[in-house]
Protein chains: 2
Amino acid sequence: MNQRQTTKKQEIESREATLLETASRILLAEGFAALSMERLADELNTAKGTIYNHFPNREEVLLAIAVKAINKRQSLFDIASLAQRPSRERMMAVMVACEIYVTHYPHYFHVESLVRHAAIWERCTEARRALLQKQEERCMGLVSSIVRGGVANGDLRLPQEISPEEMTLSLWALTYGSYLINASSPSLEEIGIKSVHRSVRLGCMCVLDGYHWQPIWTNEQRNHLFREICRDVFPDEPAPVDFHLLP
Amino acid sequence: MNQRQTTKKQEIESREATLLETASRILLAEGFAALSMERLADELNTAKGTIYNHFPNREEVLLAIAVKAINKRQSLFDIASLAQRPSRERMMAVMVACEIYVTHYPHYFHVESLVRHAAIWERCTEARRALLQKQEERCMGLVSSIVRGGVANGDLRLPQEISPEEMTLSLWALTYGSYLINASSPSLEEIGIKSVHRSVRLGCMCVLDGYHWQPIWTNEQRNHLFREICRDVFPDEPAPVDFHLLP
DNA sequence: TAAAAAATCTGACGTGGCGTCAGATAATAG
DNA sequence: CTATTATCTGACGCCACGTCAGATTTTTTA
């Protein structure tokens, strides 16, 4: 009896997981427009009403995927910030984490940005939105902690008027902005940008150097460390394509 | 006869303008969801079919607004890059242009980012998309030209491996990314970011300083120049709120 | 100026997806 | 084995999209 009870609950729970996987697959293969509740119900061999038992509307399904996405991102950031390395290398590990995320989980990145649009955001429940916000803040917090760590042990002397959070925002904006622009302007390469990844790396390095975060590396050192971090800090993730920082 | 001909054509043309104004108004006041073709037809006292004579679908109306938006942005960039000032000040003028754009034409900024999403982008005609792309590239080009100018007269010595376009991308990504994050995370201020404008200014300055673009300014000089540029280069635009760069 | 031709406008119509809900079915309790 | 509760179902009402045959207006032609 008790066994059956859990069996039923498990069935419902596992359906939710399958549902999100199916939705992700459709989204990745055919885009947002193709993701209809009818379609989802069909593919899951269930009725539309059942889907609505799990999510109050279509947008909320998206948000649920976005939550999975940010959890993945957070786990990558966690690994990066726990690396036993000097502060600046930990920061580089976060950069590597971003690159892995964007390269190997592009649909996650896509959903994360999609879900931020008012048309979608506004239709979601406060509860799930809070979930996303909290994780977002936690990700930012992890990066800010690395900055704080750098300040604490003297690798970095942040100007009085700049908080660690503001430095984090700069780096995140640079990264996020670059990948968004890249996603929507396929012609970037035609106008002199060889690789977005390369640009993001150079841009972030410039900001870190700009604030004199020690040690300042040569290009050779950067490349070497980049590969080392891919290998040692993220042994379980396939390494992102290694565009050389040097030409 | 000829007079009448032009009269009719003018009517159609002016309708298109009214249409876009009405659409902008709805969009600004009630968001994308509220912008339906029915609604547009109603407000213009015309039939739905007539709207479809102008635009093949709803998304294309958005894109048309985005084209107006980017034209505005381009005109601001034009003014900035034509200023009779040292290269680095011209670059700061572009930063001011961005701030004016985001502050005083927020709906334009919003539409520009909205239109980039695949769900909308894909449904638009190639012709109009090309229009937007071209203007986008022109805006990037204006900024790259300022970088080139700085290199040409020795204010800036760009590292071998970095093209002017890559530097432009960094600055643009930092700006665009920051404002997007700000738009979708109203809680930024709670986590230590006093003002996005301030963060963007500091971030861009850090990049410019990072590449040693001369002259390097003190905070006082930055603030002073910022106000001067608002006043002298953009006398026709209301100045953006002047958050001090210093605390 | 009047009739014919062309351009433009119109709104009813077909379509498709959203979200609901009364009734059917299955699970659990007594 | 029956009653109660939980879950599932799919037909339904609704709304907005985009179309198109026919009405209306404008332009051309004679």
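The values are calculated or read from the model by the stated rules, or taken from the named source; none is laboratory data. The structure displayed is predicted, hence computed values, not measured ones. Note that each Cβ is placed from the backbone with ideal geometry, even for glycine, and that neighbours are counted across all protein chains shown. SASA here: full protein model, heavy atoms, side chains in, ligands and nucleic acids out. Shrake-Rupley method; radii C 1.70, N 1.55, O 1.52, S 1.80 Å.
Against the list (1) closer than 27 Å to B:Ser195 by Cα; (2) within 16 Å of DNA strand C (Cβ to nearest atom), the condition B:Ile79 fails is (2). Evaluated against (1) out of contact with any His (no Cβ under 8 Å at 6 or more places or on another chain); (2) open to solvent by less than 20 Å² (accessible area, probe 1.4 Å), A:Arg231 falls short on exactly one condition, (2).
Just name the residue that is farthest from B:Leu142 (Cα to Cα) out of those in segment B:157-182 that are more than 8 Å from chain A (Cβ to nearest Cβ) and surrounded by fewer than 20 Cβ atoms within 10 Å (Cβ to Cβ). Ranking the candidates gives B:Pro159 first.
Number of residues in segment A:62-107 that are among the hydroxyl-bearing types (Ser, Thr, Tyr) and open to solvent by 30 Å² or more (accessible area, probe 1.4 Å) equals 3. Can you find even one residue in segment A:201-212 that is more than 10 Å from every other protein chain (Cβ to nearest Cβ), touching a residue at least 40 places away in the same chain (Cβ under 8 Å), aromatic (Phe, Trp, Tyr) and part of a loop (DSSP other than H, G, I, E, B)? Within segment A:201-212, none of the residues are more than 10 Å from every other protein chain (Cβ to nearest Cβ), touching a residue at least 40 places away in the same chain (Cβ under 8 Å), aromatic (Phe, Trp, Tyr) and part of a loop (DSSP other than H, G, I, E, B). Of the residues in segment B:90-98, none is more than 13 Å from DNA strand D (Cβ to nearest atom), over 30 Å from B:Val151 (Cβ atoms) and either β-branched (Val, Ile, Thr) or within 14 Å of chain A (Cβ to nearest Cβ) (or both).
For segment B:23-61, a residue qualifies if it is surrounded by fewer than 19 Cβ atoms within 10 Å (Cβ to Cβ), assigned to a helix (DSSP H, G or I) and within 12 Å of DNA strand C (Cβ to nearest atom), and the qualifying residues are B:Ala33, B:Met37, B:Glu38, B:Ala41, B:Asp42, B:Lys48, B:Gly49, B:Thr50, B:Tyr52, B:Asn53, B:His54. Of the residues examined, A:Arg116 is one that is outside any helix (DSSP H, G or I) and away from DNA strand C (no atom under 15 Å from the Cβ). Considering every residue within segment B:108-117, establish whether at least one is open to solvent by 50 Å² or more (accessible area, probe 1.4 Å), modelled with pLDDT of 95 or more and within 15 Å of the chain's Cα centre (by Cα). There is at least one residue in segment B:108-117 that is open to solvent by 50 Å² or more (accessible area, probe 1.4 Å), modelled with pLDDT of 95 or more and within 15 Å of the chain's Cα centre (by Cα).
The set of residues in segment A:185-195 that are in contact with a Phe, Trp or Tyr (Cβ under 7 Å, 6 or more places away or on another chain) and either among the aromatic types (Phe, Trp, Tyr) or facing chain B (nearest Cβ under 8 Å) (or both) is empty.
So that you can scan it fast, the table gives a plain yes or no per residue for (1) within 30 Å of B:His117 (Cα to Cα); (2) under 17 Å from the mean Cα position of the chain (by Cα):
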residue: A:Tyr179; (1), (2): yes, yes
residue: A:Leu202; (1), (2): yes, no
residue: A:Asn223; (1), (2): no, no
residue: A:Arg227; (1), (2): no, no
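For beta carbons closer than 7 Å, sequence separation of 6+ or different chains, a first residue in segment B:120-138 that is more than 8 Å from every other protein chain (Cβ to nearest Cβ) and open to solvent by 50 Å² or more (accessible area, probe 1.4 Å) and a second that is of a type outside the set (Val, Ile, Thr) and not in a helix (DSSP H, G or I), the qualifying pairs are B:Arg123/B:Asn57; B:Thr125/B:Pro56. Regarding A:Ile70, is this residue assigned to a helix (DSSP H, G or I), within 12 Å of chain B (Cβ to nearest Cβ) and either of a type in the set (Val, Ile, Thr) or within 16 Å of DNA strand D (Cβ to nearest atom) (or both)? Criteria not met by A:Ile70.
Scanning segment A:16-67 for residues that are within 14 Å of DNA strand D (Cβ to nearest atom), in contact with a helix residue (DSSP H, G or I) (Cβ under 8 Å, 6 or more places away or on another chain) and β-branched (Val, Ile, Thr) gives A:Thr46, A:Thr50, A:Ile51.
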